[in-house]
């Protein structure tokens, strides 16, 4: 077992005392209901070499329907409780008491299937309602009301996952341009034309200015010019060009992926239509054991075959993990393998908890550690140079290791 696998195994073992092995609990993928029972949530953080939960939340009642997401855009996931069509949001963990309620809002119907994602790319997770293969997206966690967008994807019985598969985040929404004001955005545009020249006004054209209008390229006086080719010479004002319409572009954040057995269909936009690409990962028996997350690089000590590697923040798009008992098979980045026309492969295997644990995915940045799991004050890259924070990320890479980790509900 690698050190990377061992650290996660120790963490869950510390939380799992007294649980006997039994039937395997389904995985609670990112974006879905957490499942299980309990009102206490133990989060590992993006990396965890200590063997202890990095953060513990207590919120709601033991039998509540619970979802996890980043409700405030600070790079940290927290629970949200659903009761009927009421959604109860905790206070912001960065400046409030996350064990207390901040606000309640209402959306959808009590029986609706709910998905969680950052649909508009602004760093804040919100709700989407699924009804068959229709998805109704809401980009706000404070106000009750109707959907902000809706689309169709897949079939009614499909298993759906939420993630940012290509790693592209853009919170800029473009309303489109309907240049000819006909109510749609699919017109190709039209060229402009110079004014016609009537036959009466046509003084001809002498290209080489030799006084003769019969040379090649010349035009005889009185011929007239029909510039827009409409069969007359009356358009004396000409016409301006009309640009091609530009369709609206929604902001880009999380999108959907359909799972059918071990066959996955990825769509990189919240729009009706076919998948952008497809791939295979795992076995058909893994259908209920798929987790989605953006995994950080775990610390790895030096071995006879490999150099030591310090922990590093998650990058680019989301990945998969297959849960088989205590084993978690983490995939390579989906977007990179798709560009190469290949299926993702298992990059590492980790061990976590007991088969009876309710395990979910939650984002939580943690203090930096070196390749041996020891705390450090400065994060360095592979060349030993200090890492500079990228302002576009939700965590400060120079002082934190950011990414998704695992959580246990008790």
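The values are calculated or read from the model by the stated rules, or taken from the named source; none is laboratory data. The structure displayed is predicted, hence computed values, not measured ones. Cβ sites come from the backbone with ideal geometry, for glycine too, and all protein chains shown count toward neighbours.
Return the total of residues in region 225-240 being out of contact with any strand residue (DSSP E or B) (no Cβ under 7 Å at 6 or more places or on another chain) and within 10 Å of residue 192 (Cβ to Cβ).
1
Tally up the residues in region 151-182 that are within 28 Å of residue 289 (Cα to Cα) and assigned to a strand (DSSP E or B), please. So that I can check it myself, show each step before the final result.
At the first step, the residues of region 151-182 found to be within 28 Å of residue 289 (Cα to Cα) are 151-169.
Now narrow it down to the ones that are assigned to a strand (DSSP E or B): 151-152, 159-163.
So the answer is 7.
Can you tell me which residue among 301, 340, 316 is farther than 21 Å from residue 162 by Cα, touching a helix residue (DSSP H, G or I) at 6+ places or on another chain (Cβ under 9 Å) and assigned by TED's automatic domain parsing to the domain that holds residue 367?
Within the list 301, 340, 316, the selection yields 301.
Could you list all residues from region 276-302 that are touching a strand residue (DSSP E or B) at 6+ places or on another chain (Cβ under 6 Å), without any contact (Cβ under 8 Å) to a residue 60 or more places away in the chain and either on the phi > 0 side of the Ramachandran plot or in a loop (DSSP other than H, G, I, E, B) (or both)?
Selection gives 276, 282.
So residue 217 fits all but one of (1) loosely packed, with under 13 Cβ neighbours inside 10 Å; (2) farther than 26 Å from residue 270 by Cα; (3) modelled with pLDDT under 85; what number is the exception?
(3)
Would you check if residue 293 is surrounded by 20 or more Cβ atoms within 10 Å (Cβ to Cβ), assigned by TED's automatic domain parsing to the domain that holds residue 374, within 30 Å of residue 380 (Cβ to Cβ) and at pLDDT 85 or above? If you could, list the steps in order and put the result at the bottom.
Numbers: surrounded by 20 or more Cβ atoms within 10 Å (Cβ to Cβ): yes; assigned by TED's automatic domain parsing to the domain that holds residue 374: yes; within 30 Å of residue 380 (Cβ to Cβ): yes; at pLDDT 85 or above: yes.
Answer is yes for this residue.
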